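Worksheet: the structure to be examined is printed underneath.
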Amino acid sequence: SQQGEEDPQALSIQEGENATMNCSYKTSINNLQWYRQNSGRGLVHLILIRSNEREKHSGRLRVTLDTSKKSSSLLITASRAADTASYFCATDDGGGFKTIFGAGTRLFVKA
Amino acid sequence: DTAVSQTPKYLVTQMGNDKSIKCEQNLGHDTMYWYKQDSKKFLKIMFSYNNKELIINETVPNRFSPKSPDKAHLNLHINSLELGDSAVYFCASSQRRGVGNEQFFGPGTRLTVL
């Protein structure tokens, strides 16, 4: 089964609203990454948070990590139509070399 | 300038055929990857090479054979294509091996097996 699983599977919001996506994983990790995939394109790296960090910010993105609950969240504030994409969390398998992606959350931001 | 490029972008072929997908990165990265993304968008690692050496080889049928002629190129050859091979295949690269390194993805190759 997958290491990372996103929740919800799909999310539809109005422009200007905040979008929150969650990721849960099963085994201990060294770090967790979030990627975005626009329709028909490859994945683009957004942010990496290490296992000893609890929160990280990058522009309108805020990522939290709770290693005790084995979960992470990605918050996109003041969403825009251009944020419409699939968002994936990616973790390692504890060994440090293999990246495992979840199934993604499909975000649709209505203008 | 495209950082990670793949050819072809679309590939439609008959069952039983053999096909290749090519990948090149101009970022000077040491590590390259092949991923398969199925119709449900689930992305799964297939292979990884570091400086032309195979370092990750997931449970993939041996009909799939990667080849890295140099560290800037990683090609994927698929023999005897099956219907279940239909998917989008992504090449990616990172500066070094290890999951703390940001991966840069190519645009993908959509393979359809009829």
(message) In region B:18-39, whose amide N lies under 17 Å from the spot 7 Å out along Cα-to-Cβ of B:Leu114? List them in ranges.
(response) B:18-19
(request) Would you kindly derive the ³J(HN,Hα) couplings of region B:4-12 from the backbone phi angles with the Karplus curve 6.51 cos²θ - 1.76 cosθ + 1.60 (θ = phi - 60°), listing them in order in whole Hz, with x for Gly and Pro? (result) 10, 10, 10, 9, x, 7, 10, 9, 10
(message) Classify chain B from the C-alpha gyration tensor, please: rounded if a/c falls under 1.5, else prolate or oblate depending on whether a/b exceeds b/c.
(response) prolate
(request) Using amide H atoms built 1.01 Å from N in the peptide plane, name the residues 5+ places from A:Phe108, or on other chains, whose amide H lies under 5 Å from its own. (result) A:Leu11, A:Ser12, A:Ile13
(request) Compute the relative contact order of region B:26-114 as a whole-number percentage, counting only Cα pairs closer than 8 Å that sit 6 or more residues apart in sequence. (result) 30 percent
(request) Mind checking which lysines have their Cα closer than 20 Å to the Cα of A:Lys56? Skip sequence neighbours fewer than 8 apart in that chain. (result) A:Lys69, A:Lys70
(request) Would you work out the charge dipole size for the protein assembly as shown about its Cα centre, treating the Cβ of every Lys and Arg as +1 and the Cβ of every Asp and Glu as -1, and quote it to the nearest 20 debye? (result) 100 debye
(message) Suppose each label sits 7 Å from its Cα in the direction of the beta carbon; what would the A:Ser58-B:Ser5 distance come out to in nanometres?
(response) 2.6 nm
(request) Give the calculated FRET efficiency between B:Ser65 and A:Asn22 to the nearest 0.05, with a Förster radius of 41 Å applied to their Cβ-Cβ distance. (result) 0.60
(request) Could you tally the net charge around A:Asn18, taking each other residue with its Cβ under 10 Å from the Cβ of A:Asn18, Lys/Arg +1 and Asp/Glu -1? (result) +1
(message) Just to check I understand the Karplus step: with θ = phi - 60° and J = 6.51 cos²θ - 1.76 cosθ + 1.60, what whole-Hz values come out for region A:23-34, glycine and proline as x?
(response) 9, 10, 9, 9, 10, 4, 10, 8, 7, 9, 10, 10
(message) Which lysines, if any, have their Cα less than 27 Å from the Cα of B:Lys22, not counting same-chain residues under 8 positions apart?
(response) A:Lys98, B:Lys9, B:Lys36, B:Lys40, B:Lys41, B:Lys44, B:Lys52, B:Lys67, B:Lys71
(request) May I ask for the net charge around B:His73, where only other residues with Cβ less than 10 Å from the Cβ of B:His73 are counted and Lys, Arg are +1 while Asp, Glu are -1? (result) +2
(message) Just to confirm a number: summing +1 for Lys and Arg and -1 for Asp and Glu over residues other than B:Ile21 whose beta-carbon lies under 13 angstrom from that of B:Ile21, what do you get?
(response) +3
(request) If a/c stays under 1.5 just call it rounded; otherwise compare a/b with b/c (prolate if a/b is bigger, oblate if not). Do that for chain A, with a ≥ b ≥ c from the square roots of the Cα gyration tensor eigenvalues. (result) prolate
(message) What are the extents of the Cα atoms of the protein assembly as shown along their three principal axes, in Å, largest first?
(response) 48, 37, 36
(message) Given a Förster distance of 35 Å, report the FRET efficiency between A:Phe108 and B:Asn79 from their Cβ-Cβ distance, rounded to the nearest 0.05.
(response) 0.35
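A short reminder: the numbers here are calculations on the coordinates, not readings from a lab. No experiment lies behind these values; they were computed from the predicted model shown. Here Cβ is always computed from backbone atoms with ideal geometry, including for glycine, and neighbour counts include all displayed protein chains.
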